[in-house]
Amino acid sequence: MTPATGPATTDAPATPTASARAIADAATIVRWCDTLAAVSQDDGRTTRVYLSPEHARVNAMVAEWMQDAGLRTWQDAAGNLHGIVDAATPDAPVLLLGSHLDTVVDAGRYDGVVGVLMAIRTAARLAASGPLPFALQVIAFSDEEGTRFGKALLGSSAVAGVWDDAWWDLEDGDGTTLRQAFTDFGLDPARVGEAALPPERLVGYLEAHIEQGPSLEQAGQALGVVTSIASARRFSVEAVGEARHAGGTPYERRHDALLAAAEAALAVERICRAEQHVGTVGTMSVEPGAVNVVPGLARFSVDLRGEFDEGRDRVWESITAAFDEIGARRGVTVSPTEVHRAPAVFCAPALMDAVRAGIAATGEVAPVELFSRAGHDAMSLGLVTDVAMLFLRNPDGISHHPDEFVSEDDVALGLDALAVAVERIADDRAETR
Ligand code: GLV
Ligand code: MN
Ligand code: MN
């Protein structure tokens, strides 16, 4: 097809330079990121969880931006927002672009959001530059982080058709089940299957995202090609000891649940460091929670990631053995329950080539290739179709924090790269016909 309004795919400039169209779109996107950051359930910080009133508000706002860009929009049966540029024929295949609109607690303003907004502007730009051999469907996923129910990737799991009915009983911090939250949001749990897209129609899924680590900054490059996404598991752990008087109970009579949990957290770090994995205890609470009572109950989370599923599972076995040893020594029962499991996903070679071509078109001759330790919606889509990801430089690698940043210049380069990547996929399809 004719190249879009972006940079030419040949004669790339020596220094990465964005097109005028991308520079203008990047300014809009950064402004939109600021606007969305203010839609929060917490005063003074950004927190936006699945099936909340703020989720509904951002879906409405982004739907309007999609419509202004010429996309036809709808919300699906799992609360994901879709916008499509239709192809010439109704049964044409579909290329998916997207990322997520939900956030962690006290989040930055770019994680997920910038990828959704880049997808919208890319779809609008390509729609204006001539017909594509596929429809371009943008998805703003509703739950990537798992902030509310512990289980991540709920939105994209519904789209991939891998929803598990066991998830309906998951509870948020207030004891509201996922099933009830669906109903409160105006969704029908019985219809969640309707969110699934038919895999045979899909060309693949492309996601742009900030890196959430320092590799691109260290390499001095704005953009990178993701090779694979980390394998992950999450657990909710309960340590049950015995609550007793803080003054009257000698040490040898204590079964302190908090101290068992604290030792367990240190064991997670020790084992993961030794095995080149990453493990995080991100939440911990104790009961009864009084200054003069030995804690009888501690609850904590474990988030575990590694490059391959086998390694991750081997590390988890070592961690549970350590939990058992700590529990036996302290007279505390330490019981983990798995709340999330996602296999490692390897990006598709042809789509990675398209992303490489996109980056090359910006003038970057040797793009960085990197493995993502962070989870992404591409993990769910990767179960049913080809996926690839374009990473954007994230200064200092800080993310899941209000200081998270991506520069407008890098967003502009990313937009040009994404447009060329989509064109490359279109050209590849034309050639194989
Ligand atoms: C999401 O950002 C995750 O990696 O947990
Ligand atoms: Mn994300
Ligand atoms: Mn995130």
Which one of these is within 16 Å of ligand 3 (Cβ to nearest atom), among the small types (Gly, Ala, Ser) and in contact (Cβ under 8 Å) with a residue 60 or more places away in the chain: Gly161, Gly115?
Gly115
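So that you can scan it fast, the table gives a plain yes or no per residue for (1) more than 25 Å from Arg148 (Cβ to Cβ); (2) of a type in the set (A, V, I, L, M); (3) assigned to a helix (DSSP H, G or I):
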residue	(1), (2), (3)
Ala239	no, yes, no
Val268	no, yes, yes
Ile271	yes, yes, yes
Asp313	yes, no, yes
Trp316	no, no, yes
Thr320	yes, no, yes
Ala328	yes, yes, yes
Pro336	no, no, no
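Just checking, does segment 174-195 include any residue being part of a loop (DSSP other than H, G, I, E, B) and under 21 Å from the mean Cα position of the chain (by Cα)? If you could, list the steps in order and put the result at the bottom.
Filtering segment 174-195 for residues part of a loop (DSSP other than H, G, I, E, B) gives 174-176, 186-188.
Filter again for under 21 Å from the mean Cα position of the chain (by Cα), leaving none.
Checking segment 174-195: not a single residue is part of a loop (DSSP other than H, G, I, E, B) and under 21 Å from the mean Cα position of the chain (by Cα).
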Being within 26 Å of Gly173 (Cβ to Cβ), within 16 Å of ligand 1 (Cβ to nearest atom) and aliphatic (A, V, I, L, M) is the requirement here; does Ala38 meet it?
no
Take the residues of segment 349-379 that are outside any helix (DSSP H, G or I) and either surrounded by 23 or more Cβ atoms within 10 Å (Cβ to Cβ) or aromatic (Phe, Trp, Tyr) (or both): which is farthest from the chain's Cα centre (by Cα)?
Thr362
Out of the residues in segment 157-175 meeting the condition of being within 27 Å of Leu97 (Cα to Cα) and small (Gly, Ala, Ser), tell me which one is most open to solvent (accessible area, probe 1.4 Å).
Gly161
Considering only residues that are in contact with a strand residue (DSSP E or B) (Cβ under 9 Å, 6 or more places away or on another chain) and open to solvent by 60 Å² or more (accessible area, probe 1.4 Å), look in segment 237-253 and name the one that is nearest to Gly327 (Cα to Cα).
Val240
Flagged in segment 278-303 as outside any loop (DSSP other than H, G, I, E, B), within 16 Å of ligand 3 (Cβ to nearest atom) and of a type outside the set (S, T, N, Q), in numbering order, are Val278, Asp303
Please enumerate the residues belonging to segment 388-402 that are more than 16 Å from ligand 1 (Cβ to nearest atom) and more than 21 Å from Leu351 (Cα to Cα).
Pro395, Asp396
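Go through segment 277-310 and report how many residues are free of Cβ contacts under 8 Å to residues at least 60 places away in the same chain and away from ligand 1 (no atom under 16 Å from the Cβ).
Counting residues in segment 277-310 that are free of Cβ contacts under 8 Å to residues at least 60 places away in the same chain and away from ligand 1 (no atom under 16 Å from the Cβ) gives 15.
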Can you confirm whether Val240 is away from ligand 2 (no atom under 16 Å from the Cβ), touching a residue at least 60 places away in the same chain (Cβ under 8 Å) and either acidic (Asp, Glu) or within 27 Å of Ile120 (Cβ to Cβ) (or both)?
no
Leading residue by the ranking (farthest from ligand 2 (Cβ to nearest atom)) among those in segment 386-398 that are touching a helix residue (DSSP H, G or I) at 6+ places or on another chain (Cβ under 6 Å) and open to solvent by 10 Å² or more (accessible area, probe 1.4 Å)
Asp386
Does Val104 count as among the aliphatic types (A, V, I, L, M), within 16 Å of ligand 1 (Cβ to nearest atom), surrounded by 20 or more Cβ atoms within 10 Å (Cβ to Cβ) and in a loop (DSSP other than H, G, I, E, B)?
yes
Total residues in segment 107-139, condition at positive phi and either outside any loop (DSSP other than H, G, I, E, B) or within 14 Å of the chain's Cα centre (by Cα) (or both)
1
Pair list, Cβ < 7 Å and 6+ apart or interchain, from segment 181-201 residues that are closer than 13 Å to Trp163 by Cβ to residues that are open to solvent by 60 Å² or more (accessible area, probe 1.4 Å) and of a type in the set (D, E, K, R)
Pro189/Arg179
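The values are calculated or read from the model by the stated rules, or taken from the named source; none is laboratory data. Keep in mind the model is a prediction, meaning the values are calculated, not measured. Using ideal geometry, Cβ is built from the backbone for each residue, glycine included, and neighbour counts are taken over all protein chains shown. Note: areas computed on protein heavy atoms with side chains; ligands, DNA, RNA excluded. Shrake-Rupley method; radii C 1.70, N 1.55, O 1.52, S 1.80 Å.
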